[in-house]
Amino acid sequence: MTEISRPLALVTGASRGLGFALAEALADTHHIIAVARTVGGLEELDDRIQKKGGTATLAPMDITKADAMAQLCRSVHDRWGQIALWVHTAVHAGPLSPADHLDSKDWKKSVSINLDAMSHLVPYISPLLKRDGSAVFFDDTHGGEKFFGHYGTTKAAQISLARSWQAETVSIGPRVKILLPRPMATHVRARFFPGEDRSALALPSAEAARLLPEILGG
């Protein structure tokens, strides 16, 4: 298939971890719009996608910048009209900390990336998905656990918003899916558990392969 004939998949947080792996896997059937701040990671992703005969549009942008996201979505609309899929994996993982020692800088960054960005991403991207598209979010069970104040609180709030959107769109679309990945050997997890034996963790590529049928299913 050519770029024009393939459906479009927008992946936010595509430069590493599960987002990188899912973007690479989706490139077999979709043209990928890869969004992340890390240019090097996006370029590596593009190289891999090209080697397997796929195509990608790289968007080295910060999802917390509402104006930048508005420009991206307008450009996507003007060029292609719509997207088939939005996969949201961008996240900030603040270091583990007792609740009474939360670092204000990490707290603000967690709120900005994990939660505040949703306030413009959902309104901007929803019209591109139209009735038949799908938006995919990834739940995490650490909310409410000790020392997960930064990440757990903001991630749980993000998923709460996703569940509201999911309930609102059952009859009118787009489809909103909330999936639960297995523990993976990612940069995010390494920040939480630096001394962990990573040999027991799933590789992001393997987890992407496992989740792909759920992501692409009706």
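Inside the stretch 166-218, can you point out the residues that are within 21 Å of HIS92 (Cβ to Cβ), open to solvent by less than 40 Å² (accessible area, probe 1.4 Å) and free of Cβ contacts under 8 Å to residues at least 60 places away in the same chain? The answer is ILE178, LEU179, ALA185, ALA190, LEU201. Restricting GLY54, GLY41 to residues that are in contact with a Lys or Arg (Cβ under 7 Å, 6 or more places away or on another chain) and within 17 Å of VAL87 (Cβ to Cβ) narrows the list to GLY41.
When the stretch 91-113 is limited to residues that are out of contact with any Lys or Arg (no Cβ under 9 Å at 6 or more places or on another chain) and of a type outside the set (D, E, K, R), the one that is most open to solvent (accessible area, probe 1.4 Å) turns out to be HIS101. Within the stretch 49-60, if we keep just the residues that are farther than 25 Å from HIS92 by Cβ and not β-branched (Val, Ile, Thr), the residue that is least open to solvent (accessible area, probe 1.4 Å) turns out to be GLY54. If I go through the stretch 9-45 residue by residue, how many of them are touching a strand residue (DSSP E or B) at 6+ places or on another chain (Cβ under 8 Å) and surrounded by 20 or more Cβ atoms within 10 Å (Cβ to Cβ)? Within the stretch 9-45, residues that are touching a strand residue (DSSP E or B) at 6+ places or on another chain (Cβ under 8 Å) and surrounded by 20 or more Cβ atoms within 10 Å (Cβ to Cβ) number 24. For the stretch 24-58, taking the residues that are part of a loop (DSSP other than H, G, I, E, B) and of a type in the set (D, E, K, R), the one that is nearest to the chain's Cα centre (by Cα) is identified as ARG37.
The values are calculated or read from the model by the stated rules, or taken from the named source; none is laboratory data. Quick caveat, the model's predicted, so the values are computed rather than measured. Positions of Cβ are backbone-derived with ideal geometry, glycine not excepted, and every protein chain shown enters the neighbour counts. Surface accessibility is based on the protein's heavy atoms, side chains included, excluding ligands, DNA and RNA. Shrake-Rupley method; radii C 1.70, N 1.55, O 1.52, S 1.80 Å.
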